[in-house]
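Each remark here refers to the structure printed beneath this line.
The values are calculated or read from the model by the stated rules, or taken from the named source; none is laboratory data. Just so we're clear, the structure is a prediction, and the values are computed from it rather than from any experiment. FYI the Cβ positions are ideal-geometry reconstructions off the backbone, even for glycines, and counts take in every protein chain you see.
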Amino acid sequence: MKILLGFFLSFTVLLFLMSGLILPEMKPWKPPVNKGFIGPFKKNDLLKQTVHGLKGFISGPEDVAIDSSGQVYLGLEDGKIVRHGKGDKAEVVANTGGRPLGLHFNKKDHLIIADAKKGLFELDTKKKTLKLLFDKYEGLFVPFLDDVTVGKKGIIFFTQASDVYSYKDFNKDFLYHVGTGRVFSFDPKSKKSKLLMKGLHFANGIAISKKNDFLLVNETGKYRVLKYFLKGPKKGKTEVFLDNLPGFPDGISSNGEGIFWLALIEPRDKLLDHMLPFPSLRKLLLQLPNSFTPPRPKYGAVFGFNDKGKVLYNFQDPDGKVFFAVTSAQQFGDKLYLGTLRNPYYGWLPLPDLIKEK
């Protein structure tokens with residue numbers, strides 16, 4: 001027992017010394033007090049009405065996009081982009097060779113793909129051809145692209161979750177908590193890219209307003225949604241749109257009619273909140289392998305709100321029996337389609353029934 005204890009202590013000291021050498025200065029951050037699922041976020045069981053699609057035939061469809069004809073497209077963990085019409089068969093239309101995360105159709109009905117390993121792609125779904133649009137900024141490769149949206153004039157807006165940790169180690173970025181996430185724009189006509197936002201703590205979902213006058217960006221590591229102005233007197237400025245959410249915001253989308261859909265992948269983590277004020281402890285823990293990460297809770301939550309930040313819709317599955325780990329929500333017609341990072345299916349909800357029930 002003494003030998004094992006001595007080994008453990010020596011190993012701990014070694015990790016602590018390594019942490020100081022490998023990582024730059026990390027600052028304490030005191031998270032806002034978690035109010036939990038109360039008020040407009042009050043728990044309910046409405047998400048349990050989710051219908052599964054392609055259950056057992058796919059793995060990790062993080063985002064969902066629907067073309068003009070109503071066909072569903074999904075990006076899978078093995079790099080495949082699949083198209084689902086009817087039944088239990090999905091047609092493979094492309095493979096990025098990486099990890100497709102964010103998906104969004106442009107006016108030409110081409111699918112724009114944010115791939116965490118390869119970059120930004122445009123997929124002609126009829127010809128089944130992929131074209132790389134962006135993977136470098138100022139000559140340097142930009143890793144971990146996360147989500148994407150497209151403006152009315154064809155400008156593509158997309159997020160980079162972290163510039164330090166890869167998709168494989170994304171959980172570590174929440175402990176690191178230095179803020180290396182960024183938001184870019186790309187003009188397909190001029191082929192020029194711009195850096196719009198930087199210093200974000202895990203820049204995740206992104207959506208554009210109906211009037212194309214602002215972006216909403218999920219800053220997952222700070223449990224909030226940011227608003228970036230594209231037009232008007234505040235052009236180029238950022239302000240907090242939603243703060244102190246009861247969970248980790250992942251995907252966000254606009255239905256084009258003034259409603260935004262926000263997916264929470266899971267509730268806030270009490271242990272993480274307790275550790276964030278202590279940089280030395282975080283440095284130590286960052287040296288541990290991913291296998292030390294505790295199991296994540298099964299919880300499903302999607303919220304719909306207007307352009308003023310007022311929550312109008314609240315769909316949840318608190319025990320995760322039907323749909324949990326929601327990473328995206330996209331409305332098409334009278335259905336709300338859901339993506340998930342951790343499950344072998346995607347889902348959809350019948351919105352008219354839910355709205356009546358609410």
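Values computed for the structure shown
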{"item": "Near pairs, Cβ below 6 angstrom, 6+ apart or cross-chain, from region 283-303 (over 25 Å from L262 (Cα atoms) and of a type in the set (A, V, I, L, M, F, W, C)) to any residue that is assigned to a helix (DSSP H, G or I) and at pLDDT 95 or above", "result": "L285/L175; L286/K172; L286/L175"}
{"item": "Sole exception among (1) touching a Gly at 6+ places or on another chain (Cβ under 8 Å); (2) closer than 18 Å to K42 by Cα; (3) among the aromatic types (F, W, Y) for F260, by number", "result": "(2)"}
{"item": "Region 298-349 - residue that is of a type in the set (S, T, Y) and in a loop (DSSP other than H, G, I, E, B) and, of those, farthest from the chain's Cα centre (by Cα)", "result": "Y345"}
{"item": "Pair list, Cβ < 8 Å and 6+ apart or interchain, from region 234-255 residues that are of a type in the set (S, T, N, Q) to residues that are in a loop (DSSP other than H, G, I, E, B)", "result": "N244/P32; N244/V33; N244/N34; N244/K35; N244/Y223; S254/S209; S254/K210"}
{"item": "Among (1) touching a Ser or Thr at 6+ places or on another chain (Cβ under 6 Å); (2) over 30 Å from P289 (Cα atoms); (3) without any contact (Cβ under 8 Å) to a residue 40 or more places away in the chain, the one test that S185 misses", "result": "(1)"}
{"item": "Leading residue by the ranking (nearest to G85 (Cα to Cα)) among those in region 98-150 that are touching a residue at least 40 places away in the same chain (Cβ under 8 Å) and basic (K, R)", "result": "K107"}
{"item": "Residue that is over 24 Å from D173 (Cβ atoms) and either surrounded by fewer than 16 Cβ atoms within 10 Å (Cβ to Cβ) or under 20 Å from the mean Cα position of the chain (by Cα) (or both), where the choices are P294, P352", "result": "P352"}
{"item": "Evaluation of T180 against (1) touching a residue at least 40 places away in the same chain (Cβ under 8 Å); (2) within 17 Å of the chain's Cα centre (by Cα) (one fails), failing number", "result": "(1)"}
{"item": "Residue selected from region 118-151 under the condition out of contact with any Asp or Glu (no Cβ under 7 Å at 6 or more places or on another chain) and of a type in the set (S, T, Y), by the criterion farthest from L200 (Cα to Cα)", "result": "T129"}
{"item": "Residue in region 287-300 that is within 14 Å of L338 (Cα to Cα) and touching a Leu at 6+ places or on another chain (Cβ under 6 Å) present", "result": "yes"}
{"item": "Any hit, region 210-221, residues being within 18 Å of D173 (Cβ to Cβ), surrounded by 21 or more Cβ atoms within 10 Å (Cβ to Cβ) and out of contact with any His (no Cβ under 8 Å at 6 or more places or on another chain)", "result": "yes"}
{"item": "Residue within region 182-196 that is in contact with a helix residue (DSSP H, G or I) (Cβ under 8 Å, 6 or more places away or on another chain) and either among the charged types (D, E, K, R) or part of a strand (DSSP E or B) (or both) present", "result": "no"}
